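Here the structure comes first, spelled out in structure tokens, and everything after it is commentary.
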Amino acid sequence: MSRPVAGVLSDLESVLIDAEAIRQRVQALAAEIQADFGPGELSVVALMDGSLFFVADLLRHLDLPLHLHTLTVSSYHGGTSSSGRVNMAESLPFSLKTKRVLLIDDILDTGLTLSSVQQRLLKDCQPEIMRTAVLLRKQRPREQDASAEYVGFDIADEFVVGYGMDYQGRYRNVPYIGILNPSKL
Ligand code: 5GP
Ligand code: MG
């Protein structure tokens with residue numbers, strides 16, 4: 001007889017944004033992005049791992065010829081607040097020179113991650129144009145000047161998980177965006 005498998009959904013205190021709201025908003029964002037960029041090739045740079053689900057859903061609504069590049073960056077180190085440092089590869093594994101670039105991340109929080117990546121890509125890669133999309137933007141003062149042209153949802157300054165976003169590597173597979181039960185932090 002198989003033993004019951006412990007789920008993760010019971011670790012969440014509440015649902016902040018449900019799966020259907022995410023689906024609709026992501027589809028609308030894709031339409032906005034497609035209209036703004038117009039026809040022609042797009043180079044997508046997706047920041048891993050947090051934007052994995054967002055990118056997968058967003059891109060399938062873009063009817064454009066595109067190249068997908070991923071870049072692994074981290075500023076969180078297992079906790080719920082920014083470490084203040086951004087780790088990124090010394091040499092970038094793609095060329096974006098004269099390309100039209102869409103940079104994608106999951107959350108704009110302190111701004112440290114996006115400002116570091118934006119500066120790095122502009123300086124090292126010289127794209128023709130670069131715009132940024134984030135699924136979530138936290139309403140809080142930014143420590144670094146970073147902004148995004150496309151924002152899925154503005155949320156309060158609280159720690160969220162699900163739809164690709166983790167806490168200590170877990171909860172990425174939660175199909176909605178939720179708040180963890182404080183006893184799990
Ligand atoms: P920033 O550098 O803007 O402070 O933080 C951006 C990164 O921190 C995001 O790409 C995301 O990976 C992580 N992050 C920020 N806030 C949250 C949050 O509420 N939940 C999770 N899981 N990650 C977060
Ligand atoms: Mg991230």
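General observations
- Within region 66-95, residues that are free of Cβ contacts under 8 Å to residues at least 12 places away in the same chain and closer than 16 Å to Gln144 by Cα reach partners that are within 11 Å of ligand 1 (Cβ to nearest atom) and outside any strand (DSSP E or B) with beta carbons closer than 6 Å, at six or more positions or on different chains, in the pairs Ser83/Ser75; Ser83/His77.
- Subset tally (residues that are surrounded by 20 or more Cβ atoms within 10 Å (Cβ to Cβ) and among the small types (Gly, Ala, Ser)) for region 94-125: 1
- Residues of region 167-185 that turn out to be part of a loop (DSSP other than H, G, I, E, B) and at negative phi, as a count: 7
- Subset of region 32-65 (residues that are closer than 17 Å to Thr98 by Cβ and loosely packed, with under 15 Cβ neighbours inside 10 Å): Gly38, Pro39, Gly40, Glu41, Pro65
- Qualifying position, being in contact with a helix residue (DSSP H, G or I) (Cβ under 6 Å, 6 or more places away or on another chain), surrounded by 11 or more Cβ atoms within 10 Å (Cβ to Cβ) and of a type in the set (Val, Ile, Thr), among Val26, Val8: Val26
- Residues that are farther than 17 Å from Arg25 by Cβ and under 14 Å from the mean Cα position of the chain (by Cα) within region 147-157 comprise just one, Ser147.
- Gly7 farther than 20 Å from Tyr150 by Cβ and within 19 Å of the chain's Cα centre (by Cα): no
- Residue identified as hydrophobic (A, V, I, L, M, F, W, C) and modelled with pLDDT under 95 among Leu92, Leu47: Leu92
- Residues that are in a helix (DSSP H, G or I) and either free of Cβ contacts under 8 Å to residues at least 40 places away in the same chain or within 16 Å of ligand 1 (Cβ to nearest atom) (or both), drawn from region 22-50: Ile22, Arg23, Gln24, Gln27, Ala28, Ala30, Ala31, Gln34, Ala35
- Subset of region 9-28 [closer than 21 Å to Tyr167 by Cβ and among the charged types (D, E, K, R)]: Asp11, Glu13, Asp18
- Test: residue in region 148-168 that is more than 10 Å from ligand 1 (Cβ to nearest atom) and of a type in the set (Val, Ile, Thr): yes
- Qualifying residue in region 86-98 (condition: more than 15 Å from ligand 2 (Cβ to nearest atom), touching a Gly at 6+ places or on another chain (Cβ under 9 Å), acidic (Asp, Glu) and farther than 23 Å from Asp166 by Cα): no
- Restricting attention to region 71-85 and to residues that are within 26 Å of Leu42 (Cα to Cα) and of a type outside the set (A, V, I, L, M), the residue that is nearest to ligand 2 (Cβ to nearest atom) turns out to be Ser74.
The values are calculated or read from the model by the stated rules, or taken from the named source; none is laboratory data. Note that the structure is predicted; figures quoted are calculated from it, not measured. Using ideal geometry, Cβ is built from the backbone for each residue, glycine included, and neighbour counts are taken over all protein chains shown.
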